[in-house]
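One structure is given below, encoded as structure tokens.
The values are calculated or read from the model by the stated rules, or taken from the named source; none is laboratory data. Note that the coordinates shown come from a computational prediction; the quantities given were computed from them, not determined experimentally. Neighbour counts run over all protein chains shown; Cβ positions are idealised from the backbone, glycine included. Protein only, heavy atoms only, side chains kept; ligands, DNA and RNA dropped before computing areas. Shrake-Rupley method; radii C 1.70, N 1.55, O 1.52, S 1.80 Å.
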Amino acid sequence: MSERLDEFFAGLETALGRLPTTPAGVIRFNFVDDRETTTRFVTLDDGRARVGPVDHDPDCVVEMAPETFERLIDGADYVVAMLFRGVVAVEGDLSLFLAFRRLLPPWADSANPEPIAGMSRAVERVGIGLYDTSSIFYGSMFLLSTRNGDVEADRAGPLGLFFFDTRFLSTWRLTVNGERLSELSIDDIRPFESRFALVPGQPTHYVNATTSILRHRSLGQSFEEGVTLFNYAPEPLRYTVRLDVGADFAEVREVRDGFRRTREVSTTIDESTLRLHYRRSSLHRETVVSSSEPARVDERGFTFTVTVEPHSTWSTRLRVLTLVRDLRRRDLRERLRSSTGRSRAEAGREIDEIVAGVPRLRADYEPLAEAYRRSVLDLAALNYQGLNFPEQLPATGLPWSMALLGRESLISSLQALPFLPQRAAGALRILALSQGARVDPFRGEQPGRILQEIRYGESAAFNDTPDATAFSAADTTPLFIILLDEYERWTGDADLVRRYEFEVRAAVAWLDGHAEDGGDGYLWSVRRQTRTGPVNESWRSSVHGICFRDGRLPTFPQAICELQGYAYDARLRAARMARVFWDDPDWADRLERDATALRRRFHRDFWMPARGCYALALQADGEQVDALASNVGHLLWSGIVAPEHAERLVEHLLGPALFSGWGVRTLSDAEWQFNPLGHHTGAIWPSDNSLIVWGLRRYGFRAEAARVTLGLLEAGRYFQGRLPAYFAGYDRTTTRVPVRHHFTDSPYAPSAGATLLLLRALLGLEPREDHLVIDAGVPEEMGQIELLDIKGRWGYADALGRGRPLRPRS
């Protein structure tokens, strides 16, 4: 045992004020080298750390080499990255190890000084779009295939079996007697289960086909597919069934962003099992494919040679394991307390229970009813089994965002609070656990800051990128405070508010300190370099997302307008919690004074009289970034807008430059950077629009809120009630139908949540102490809306809204 480690553990008991009260338990550290194993016990309890043996089994066992732990103390590595790289093994309650990192020295730089080379930009993505695919998903595992069930992924294509942000299958192609299969029908049974009816040959050949194939697939702890071959000929037929298998182990973000890197994949054959391996130093990913029926197995797949009698069948069951090896070469999920081993049947029942538990909707307007059914089902399914807790955590979207994204989890939880409050509780729990504790410029970590992203891929594991835990958003920290307060207002769960007092105080300290660049009280976004270029830290995080009217890009740092609204709202909400739950009226008074001062400065510095709206952002020199964008609608939601300016803002939001007829564009069509296909420079985001609608209702603009809501719901009809993450911002009179994007997430949690928030706005639902206020603003076209059994701190309540003519205020 090194002196460094002895000194570190000796100093833990004096590290006061650095731990929250939960989680609590005992961690046993096993430090293993060539000569011996040294053990240290650390007990976390009631915000304190105690070092020394205990008389019971530990809750968490962490094993690593002493030099590995020294790297952690030095800030040269990161807990999550170490786990996925396979240099540490953890058994039991991983959340204790995550909490323990708060006791590490405060300064760090965990960047890999020699990141992997060989990454190149692939050709532009062409060919199949995501809406041409068939998809199933289960937690963070998902499969995208062509319409016949095959996977043939070029390096820039989206198809494959993905797990832990890695493509474990890039080839999964079934042929019969050398012929490809053609789709007759697809039955999407559950989010994680589908069935394909197929015939050999091209569509022109199968009118009188005597052979047909059924593929029945599902996801759970593994991927399983049943293949059944039917022979309807009057004589026996001999078939050669071939399954081609391959894995490139590409990362999902490489595929999304059009990058590629050649990886050396090795193959081993163990009797009837095909194993595909990728190794990089200590990292080991493995795809294991097996069949229930005898086959000739080679390095590229399985060949079945069978004879099927007339009017008989032949079938096999294929199973694919996706393994992520730890220090002991076990799959790292095996011995974690979070590993529940849920069956597919249990997962199905959980989804059914969630759907059955939401308020019942009766709506004359069918697009609303359809969108509600689809949105509730998608949000019930968009969860994943994390590594820290047995409870499900919120996932964001298929295929690019099947991971924990802080902003998107917070927004979708806010949207869904009256319907699915458990989503908010899960989001708050994991984000509180992962809150920033060190100053690490590489990943943007700072004490009190709330993370934006956790990825499990190779580049995250080796700290080539900060994605193992990236603190790359400026808005997640105030949104965390906002969600906690709104959650209590709906549910009355005061215990949760008391539990997270430590985290809220740290978050406010971050707003007061690290977030302010220049001492002016604003929340600033710095420049972050990614593989695709420099980005800001707002939800419009693309290169051109924040721009001047003439197309120029502002310098960094940037005080983006809606960030100031979020910070204003967060301080007021923290003040309420401090006064009501934490018995700290003095702090509550200070927070309210700070919020009032921020609002006053904001009007002084951001208002543009000539344009009649607020600036999109400020540069550090105070120059106003003058583009007109949808962000100003978020200011209405936050309440920072002066009442005398609200009507001018609404005129812009509902004017032809921003409002397309389907929704509010991200950028006005009068700006130089406008492009209706640009996802932050002209596209329409349903989640963005839902917050705008909430803001319109807050300031009393019922007719305007209803107009945006109608546009979105009518657009949803063309997406079968499932609004994608965004769609093109063409004018409705030009295209007549909403134009979909080729590669956007769908389902996407904030878009599913948008439907629920639009419904809340239509009915004017607002919790007031132990009562639910209902102030409906339903447009005449929608007829009657009834929402029954709305659960909250008041018990259960019903809401009714009847359509009537609404007069615009703007």
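Structural remarks
- Selection over region 620-644 of residues that are surrounded by fewer than 17 Cβ atoms within 10 Å (Cβ to Cβ) and not charged (D, E, K, R) gives a count of 5.
- Long-range neighbours under 9 Å by Cβ, at least six apart or interchain, first residue without any contact (Cβ under 8 Å) to a residue 24 or more places away in the chain within region 214-241, second hydroxyl-bearing (Ser, Thr, Tyr) and open to solvent by less than 10 Å² (accessible area, probe 1.4 Å): His216/Ser194
- Among the residues of region 717-740, those that are open to solvent by less than 30 Å² (accessible area, probe 1.4 Å) and touching a residue at least 60 places away in the same chain (Cβ under 8 Å) comprise Gly721, Leu723, Ala725, Phe727, Gly729, Pro738.
- Pair list, Cβ < 7 Å and 6+ apart or interchain, from region 400-420 residues that are within 19 Å of Asp485 (Cβ to Cβ) and modelled with pLDDT of 95 or more to residues that are open to solvent by 10 Å² or more (accessible area, probe 1.4 Å) and among the acidic types (Asp, Glu): Gly406/Glu453
Quick grid of which residues meet (1) in a helix (DSSP H, G or I); (2) basic (Lys, Arg); (3) open to solvent by 10 Å² or more (accessible area, probe 1.4 Å):
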residue	(1), (2), (3)
Arg319	no, yes, yes
Arg333	no, yes, yes
Glu350	yes, no, yes
Ala380	yes, no, no
Glu408	yes, no, yes
Ile411	yes, no, yes
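- Number of residues in region 415-467 that are over 27 Å from Glu286 (Cβ atoms), part of a loop (DSSP other than H, G, I, E, B) and either hydrophobic (A, V, I, L, M, F, W, C) or over 14 Å from the mean Cα position of the chain (by Cα) (or both) equals 19.
- Single residue of Gly426, Gly444 found to be at positive phi, in contact with a strand residue (DSSP E or B) (Cβ under 8 Å, 6 or more places away or on another chain) and surrounded by fewer than 24 Cβ atoms within 10 Å (Cβ to Cβ): Gly444
- 1 or more residues of a type outside the set (A, V, I, L, M) and farther than 24 Å from Gly803 by Cα: qualifying helices (runs of 4 or more DSSP H) within region 606-722: 631-638, 643-653, 686-698
- Considering residues of region 25-56 that are assigned to a strand (DSSP E or B), open to solvent by less than 50 Å² (accessible area, probe 1.4 Å) and out of contact with any helix residue (DSSP H, G or I) (no Cβ under 9 Å at 6 or more places or on another chain) only, the residue farthest from Phe100 (Cα to Cα): Asn30
- Residues of region 692-703 satisfying the condition of being closer than 15 Å to Val778 by Cβ and either open to solvent by less than 10 Å² (accessible area, probe 1.4 Å) or of a type in the set (A, V, I, L, M, F, W, C) (or both): Val693, Leu696, Phe701, Ala703
- All conditions but one from (1) part of a helix (DSSP H, G or I); (2) touching a residue at least 60 places away in the same chain (Cβ under 8 Å); (3) touching a Phe, Trp or Tyr at 6+ places or on another chain (Cβ under 9 Å) apply to Pro367; the one that does not is (3).
- Residue match in region 275-285 (condition: open to solvent by less than 40 Å² (accessible area, probe 1.4 Å), closer than 23 Å to Tyr456 by Cα, in contact with a Phe, Trp or Tyr (Cβ under 7 Å, 6 or more places away or on another chain) and hydroxyl-bearing (Ser, Thr, Tyr)): yes
- Evaluating Ala617 against the criteria (1) in contact with an Asp or Glu (Cβ under 9 Å, 6 or more places away or on another chain); (2) buried (at least 16 other Cβ atoms within 10 Å of the Cβ) leaves one unmet condition, (1).
- Wholly within region 468-568, helices (runs of 4 or more DSSP H) carrying at least 1 residues that are open to solvent by 50 Å² or more (accessible area, probe 1.4 Å), at pLDDT 95 or above and more than 26 Å from Ala403 (Cα to Cα): 494-499, 501-512
- Selection of region 242-269 for residues being of a type in the set (D, E, K, R), touching a residue at least 60 places away in the same chain (Cβ under 8 Å) and in a loop (DSSP other than H, G, I, E, B) yields Asp248, Arg261.
- Residue within region 530-547 that is among the polar types (S, T, N, Q) and more than 21 Å from the chain's Cα centre (by Cα) present: no
- Scan of region 754-793 for residues that are at pLDDT 95 or above, assigned to a loop (DSSP other than H, G, I, E, B) and over 31 Å from the mean Cα position of the chain (by Cα), ordered by number: Asp775, Ala776, Gly777, Val778, Gly783
- The one condition in (1) of a type in the set (A, V, I, L, M, F, W, C); (2) within 28 Å of the chain's Cα centre (by Cα); (3) more than 28 Å from Ser413 (Cβ to Cβ) that Leu806 fails to fulfil: (2)
- Hey, Arg573 closer than 19 Å to Val641 by Cα and surrounded by fewer than 24 Cβ atoms within 10 Å (Cβ to Cβ) or not: yes
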